[in-house]
1. Calculate the FRET efficiency for V69 and N94 from the Cβ-Cβ distance with a Förster distance of 25 Å, rounded to the nearest 0.05.
2. Loop-only trypsin sites (Lys or Arg not before Pro) in segment 83-151, please: DSSP not H, G, I, E or B, and at most 12 other Cβ atoms within 10 Å.
3. Could you tally the net charge around N68, taking each other residue with its Cβ under 12 Å from the Cβ of N68, Lys/Arg +1 and Asp/Glu -1?
4. Do any GluC sites (Glu not before Pro) in segment 101-182 lie in a DSSP loop with no more than 11 other beta carbon atoms within 10 Å, and if so, which?
5. Mind listing the phi-derived Karplus ³J(HN,Hα) values for segment 63-72, rounded to whole Hz, using 6.51, -1.76 and 1.60 with θ = phi - 60°, and x for any glycine or proline?
6. Considering only protein heavy atoms and a probe of 1.4 Å, how much of the accessible area of segment 90-146 is carbon and sulfur, as a whole percent?
7. Once fully extended, how much extra length lies between E160 and E85, figured as 0.36 nm per residue of separation less the alpha-carbon to alpha-carbon distance?
Amino acid sequence: MKNGLTKRPFALLLAILLAFGVCFLASAAQPEAEPRISFVAYMTIVATREGTSSICLMNGHAFLIFENVSDSEITVGHMSVPAGESITIGTYGNIPTHHGIWYNTEAYAEIRKPYYGVLTGVTRTELSSVNRYINTHNIYSATAFNCAGFASGVWNTVYEESGISGGTPTALVDSIRSNPGI
């Protein structure tokens, strides 16, 4: 009887330690939860050295593409974008009726390859900042605020630390190409 009483507490202690060890290993094996970011859109900045430009003696163009990846309509600038749809936005100074922001004109402007671009996600809060920038910068100046300045300005409201900049489409292409980490 004495041996039976000694074996049971030992077996019970061993079972408790084994159960604790399995639970500890199971909880240690689970990865920590990553923060969840909900993007409502993807924004791509695009630049090319080729094609006509609004700036005399200079080639190229720069613009942005916004793709709505949310389940509902979003607004980019003054344009409504249904879920699953995309728009382009850029500035022009060579269209007589308006010097400034134009929506969805890049398909008609014969943007030629090669073009360079980089994409980032945009949250609802960031989209509000983008819209404030767009709605206060409907201007065009060949030397002070052209298509490249507009596109990089909008981009930097979301991703300022990227280092994307450029006073001309060519300079913007060079900036995009020199930032392989983004």
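The values are calculated or read from the model by the stated rules, or taken from the named source; none is laboratory data. Predicted, not measured: the structure shown is a model, and the values here were computed from it. Using ideal geometry, Cβ is built from the backbone for each residue, glycine included, and neighbour counts are taken over all protein chains shown. Just so you know, the surface numbers come from the protein's heavy atoms only, side chains and all, with ligands and any DNA or RNA stripped out. Shrake-Rupley method; radii C 1.70, N 1.55, O 1.52, S 1.80 Å.
1. That pair, V69 with N94, gives E of 0.15.
2. none
3. Here the count lands on -3.
4. E110
5. The phi angles translate into 7, 10, 10, 10, 10, 6, 10, 8, 8, 9 Hz.
6. With neighbouring chains kept in place, the figure for segment 90-146 is 56 percent.
7. Full extension from E160 to E85 adds 24.4 nm.
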